[in-house]
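Here's the structure, in structure tokens; my notes come after.
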Amino acid sequence: MSAKSKKSSWGGTRPGAGRPRKLDAKAAAFEAAQPSLNRGLIWVPTTDPKRELTAHSRLEILKVSRWLYNNAPQATYIVEHLAQRAIGTGIVVQPKTSNTEWNKKVDQYFEDRNCAEAWAFDAGAQVNFYTAQSLILRQVAIDGDFFAQFLKTQEGAARVRFLGGESIGGAGSFATDSHDGVILDRYGAPVAYTLNSEDGLRVPAEDILHFRHIRRQGQPRGVSWFHSAAANLRDISEINGYVKGAYKAGAQIGYMVTSTEVAKIGLGAGMKTTSNEVGDLTTSDLPNGILLPRLKPGEKLEAFKNDIPGQTYEAVMRALRSDVAFAIGLPPEAMMVNVGLAGTEQRAVLEVTQNFLERLQQQVIDQFCRPFYKYWLWHEMQAGRLEYPGDDWWRHEWLAPRKITVDSGRDARAYSEQLDKGHISPTRFYNMQGLRAEEEEEDVIQTFLRRKAKCESLGLNISEVFPN
């Protein structure tokens with residue numbers, strides 16, 4: 001054997017064998033990178049965001065999430081509550097071009113055309129511009145993503161066609177250049193989308209609105225909000241089903257007979273037998289058909305006490321619900337898991353919740369409201385139904401619902417004081433209440449003029465009739 005060769009049990013004789021292996025210095029600095037026999041194995045087959053969420057995984061999560069929404073009350077509450085809180089009666093557009101008269105005309109025209117009639121806005125004639133916003137949030141929460149295809153009527157007016165997450169790509173999409181129905185360019189931007197409902201028709205990306213929460217750069221599809229909460233939600237549903245079944249079974253047992261005589265045959269003193277029927281007990285008839293058991297010596301009749309669900313039930317449920325809230329991205333208190341917080345703590349929870357709702361609102365604005373408004377506006381001008389107001393034709397803002405609060409009176413006084421001191425503008429003050437500033441100001445002026453005219457016609461002093 002050569003002097004440079006050493007004996008090794010790791011595969012025979014080889015140069016340098018038998019020396020202690022050294023850990024990578026960089027890996028050793030991070031415990032999370034080290035394997036451990038005390039924990040389960042985490043296997044991540046790829047770090048490519050385009051392949052991390054496979055079509056099969058996305059569709060399986062979609063199916064589970066739809067089942068939870070349909071059958072698990074807490075899942076239903078999460079989706080409906082957040083959509084209702086974030087959208088309210090709708091996020092409202094406010095044209096902000098330099099032409100104020102044009103702004104008023106477009107504001108009313110958009111309201112009449114898209115916000116009043118479903119058939120004029122939605123090719124499926126199910127939702128209008130306002131109700132579509134909450135629909136988008138619900139669909140994204142459950143399925144992971146949702147789509148709208150730009151369409152035009154024969155008159156050149158803009159409409160949309162909504163498409164569920166199952167309509168794009170899927171496990172049957174095997175095109176080499178498609179990532180679950182999304183065709184990307186070299187930079188990762190969508191070029192086209194594959195529609196399953198139309199035999200693989202590819203629609204250009206400029207004609208598709210893709211609604212989703214972008215969780216990771218380079219991930220072409222969205223995943224359900226319940227992706228990390230589904231297991232706990234299923235556990236909650238199953239545990240409640242078992243508890244309910246046990247409670248119903250226990251409710252059928254009316255009484256139990258206890259006896260000390262069973263000790264004589266080795267079954268233990270005080271053993272209890274339960275029954276909801278008379279069985280082989282000797283009974284005596286009473287009026288009205290009531291049977292009274294005649295007990296043997298040593299026997300005793302006791303009412304059955306149902307101990308379901310048990311002392312640990314609430315603690316287990318609270319822990320599971322808390323994890324579900326964390327998975328969605330909210331503190332448990334925001335989902336009413338824990339109650340009884342002090343005022344300061346409750347306001348802190350509301351601030352976090354409000355930030356979460358504002359993120360949802362901005363998502364709807366960025367992915368739906370703004371692109372549809374500009375698409376609709378441009379085609380109305382192209383068709384000649386609206387005149388071109390200038391190069392700032394696209395300028396606008398969006399008015400979201402008022403912020404949530406636990407003390408509206410306190411907050412209103414604080415905002416009013418800021419308004420009186422000039423720290424916020426009247427427009428901002430009204431917008432914080434979810435109101436249109438111009439409409440409120442116009443209503444105040446018209447109310448004053450109407451009251452003034454009535455008082456003058458009756459020879460009254462308006463300041464005496466309406467002191468404030």
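The values are calculated or read from the model by the stated rules, or taken from the named source; none is laboratory data. Bear in mind that the values here come from a model prediction, so they are computed numbers and not experimental data. Backbone-built Cβ (ideal geometry, glycine too); neighbour counts: all protein chains shown. These accessible areas exclude ligands, DNA and RNA; they are computed on the full protein's heavy atoms, side chains included. Shrake-Rupley method; radii C 1.70, N 1.55, O 1.52, S 1.80 Å.
Return the only residue of Val191, Val182 being without any contact (Cβ under 8 Å) to a residue 40 or more places away in the chain, open to solvent by 40 Å² or more (accessible area, probe 1.4 Å) and β-branched (Val, Ile, Thr).
Numbers: Val182 fails: open to solvent by 40 Å² or more (accessible area, probe 1.4 Å).
The unique qualifying residue is Val191.
What tally of residues in the range 384-401 results from selecting those that are open to solvent by less than 80 Å² (accessible area, probe 1.4 Å) and free of Cβ contacts under 8 Å to residues at least 60 places away in the same chain?
So the answer is 1.
What tally of residues in the range 64-73 results from selecting those that are open to solvent by less than 40 Å² (accessible area, probe 1.4 Å) and either at pLDDT below 90 or out of contact with any Lys or Arg (no Cβ under 9 Å at 6 or more places or on another chain) (or both)?
We begin by selecting, within the range 64-73, every residue open to solvent by less than 40 Å² (accessible area, probe 1.4 Å); these are 65, 68, 72.
From what is left, the residues that are either at pLDDT below 90 or out of contact with any Lys or Arg (no Cβ under 9 Å at 6 or more places or on another chain) (or both) are 65.
Residues meeting the conditions: 1.
Give all pairs with beta carbons closer than 9 Å in which a residue from the range 439-458 that is under 22 Å from Arg428 (Cα atoms) meets a residue that is outside any helix (DSSP H, G or I) and of a type outside the set (Ser, Thr, Tyr); count only pairs at least 6 apart in sequence or on separate chains.
Note: pairs meeting the criteria are Glu440/Gln433.
Filter the range 51-63 down to the residues that are assigned to a helix (DSSP H, G or I) and surrounded by fewer than 17 Cβ atoms within 10 Å (Cβ to Cβ) and list them by number. Don't jump to the end; show me each part of the working.
First, pick out the residues of the range 51-63 that are assigned to a helix (DSSP H, G or I): 51-52, 55-63.
Those that are assigned to a helix (DSSP H, G or I) and surrounded by fewer than 17 Cβ atoms within 10 Å (Cβ to Cβ): Arg51, Glu52, His56, Ser57, Glu60, Lys63.
Restricting to the range 28-50, name every residue that is free of Cβ contacts under 8 Å to residues at least 60 places away in the same chain, basic (Lys, Arg) and under 30 Å from Gln139 (Cα atoms).
Correct list: empty.
Does Asn99 count as closer than 30 Å to Ala327 by Cα and surrounded by fewer than 18 Cβ atoms within 10 Å (Cβ to Cβ)? Before the answer, list the steps.
Working: closer than 30 Å to Ala327 by Cα: no; surrounded by fewer than 18 Cβ atoms within 10 Å (Cβ to Cβ): yes.
So Asn99 does not fit the description; no.
Give me the residue from the range 137-159 that is in a strand (DSSP E or B) and among the small types (Gly, Ala, Ser) and, out of that set, nearest to Arg212 (Cα to Cα).
Keep residues of the range 137-159 that are in a strand (DSSP E or B), which gives 145-152, 158-159.
Those left that are additionally among the small types (Gly, Ala, Ser): 148, 158.
Working: Ala148: 12, Ala158: 22 Å.
Filtering first and then ranking leaves Ala148.
Go through the range 116-128 and count every residue that is crowded, with 18+ Cβ neighbours inside 10 Å and either out of contact with any Asp or Glu (no Cβ under 9 Å at 6 or more places or on another chain) or in a strand (DSSP E or B) (or both). Walk me through it before giving the result.
Step one: of the range 116-128, the residues crowded, with 18+ Cβ neighbours inside 10 Å are 121-122, 128.
Cutting the leftovers down to either out of contact with any Asp or Glu (no Cβ under 9 Å at 6 or more places or on another chain) or in a strand (DSSP E or B) (or both) gives us 121-122.
Number satisfying all stated conditions: 2.
Of all the residues that make up the range 194-231, how many are part of a loop (DSSP other than H, G, I, E, B) and surrounded by fewer than 19 Cβ atoms within 10 Å (Cβ to Cβ)?
Quick first cut of the range 194-231, residues part of a loop (DSSP other than H, G, I, E, B) only: 199-200, 213-224, 229.
Adding the requirement that they be surrounded by fewer than 19 Cβ atoms within 10 Å (Cβ to Cβ) leaves 199-200, 213-218.
Count: 8.
Suppose we keep only residues that are polar (S, T, N, Q) and crowded, with 17+ Cβ neighbours inside 10 Å within the range 132-159. Which one would you say is nearest to Val64 (Cα to Cα)?
Checking each candidate, the answer is Gln139.
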